[in-house]
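Nothing in this text is a laboratory measurement; each read-out follows from the coordinates by a stated rule. In this text, all values refer to a predicted model and were calculated from it rather than measured experimentally. With ideal geometry, Cβ positions are generated from the backbone for all residues, glycine too; neighbour counts draw on all protein chains shown.
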Amino acid sequence: MRIDRALLNDTVLAVAASAVSVAMFVYYQPPQLKAPDVFGGVLVGLGCAPVAVRRLWPLAAFCAGLVPGWLLAVMGYGSGQAGLGGLILIYSVSAYRGLAVALGALLLTVLVYVAGARFGEAAESPSKHLVVLLLVVAVWGAGRSIRLRRAYLDELKDRAARLERAHAADTRAARAEERSRIARELHDVVAHHVSVMTVQAAAARKVLAADPDLAREALSAIEHTGRMAMNEMRNIVGVLRTDSPAELGPQPGMQDLPRLVEQMREAGLPTRLEIEGEPGAIPAGVDLAAYRLIQEGLTNSLRHAGPGAKAVVTVRHAERELDVRVEDDGTGTATLSERQGHGLVGIRERVALYGGVLNIGPRSGGGFEVRARFPLKDGQ
């Protein structure tokens, strides 16, 4: 469709150029040149006709337009009679072809004009020829300028398209990273609270007949734990809901450790919290990562340490380091691979993200230990 429209426009331009050139040939022919006749008029029209295909075949149209113009000059009609078509054609070659072809067309135009003027218009003043040559060079330069501008605009469009594709790729990567973060958060929340609820449910089942009051307390603890799990999951998934900002809430952190320790005690794991040093400002990411590590470590102890086990959470605040440790004295039968399940493996990603060092494994005196040291930058 674009080619057909261009061809139609160029055909109209060729007809208009031919009409103007023939009219000038008939009514404004200088007296010192050969009188206008039908043959001369045909040559003038033929010199403008190739304009119709100037965008389809610029070089071929240019060469086809040179022949009638040269014949007009040689036969004494004058070299400028088909000049309008020649100017359009030299512009087209300059605007739609490379620099080498455009320079060749300019040189060929000058040579043909000089040869025609030498044979047919030797008596005309040199100033007239100089004006014609300057006009040809100016039109050629305008065509080159248009071509360079078109190439510049195409480059801008291509660059904009590349930037848009890069932005789309960055957006997809950011979304994937956010999904991964949310998945880790959900895993930590669900794994911890479900483990606590499972232990409490087992305890309620064992004492249901013998001690209904104790079983009732265990069921109340299960309800409370379930509500906490729902609230935390709602806060995490709430970042995906643009229509419910009121449901968003702060992520847990080190300030919530006493409540976490109390929850583990209610679940049947005697837990003690020890804090060393003066607590300072902790980056939000490190704060959440340390809390999740302690949460996962206690969940691991609750599930695998065995009956009668105790756990100790130690948090040491140093000037440039946060040291957190979860230890238990359990004698459970779980293997090391079972102890280091998906939750603790996922914790490695959190610790590594903030440049920390993680140690997971059995203690020398029995039991299990999860320890991480997070570096803190100056001023944090």
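Some points to look at:
- Estimated FRET transfer efficiency (Tyr28, Val137; beta-carbon r; R0 30 Å; 0.05): 0.80
- Approximate spin-label separation Val74-Phe39, in nm, with each point projected 7 Å along Cα-to-Cβ: 1.3 nm
- Dipole-positive endmost among Asn300, Leu273, His317 within segment 272-320 (Cβ charges, Cα centre): Asn300
- Two-decimal log10 I(q)/I(0) for segment 123-165, as the Debye equation yields it once each C-alpha is a single scatterer, q = 0.16, 0.24, 0.28 Å⁻¹: -0.57, -0.78, -0.87
- Each Lys or Arg adds one and each Asp or Glu takes one away; over the other residues whose Cβ falls under 13 Å from the Cβ of Asp287, this sums to +1.
- As a calculated quantity, the FRET efficiency between Leu130 and Ala160 at R0 = 51 Å, using C-beta atoms, amounts to about 0.70.
- Nitroxide proxy distance, nm - points 7 Å out along Cα→Cβ at Ser145 and Arg55: 2.1 nm
- For Gly277, net neighbour charge (Lys/Arg +1, Asp/Glu -1) across residues whose Cβ lies under 12 Å away: -4
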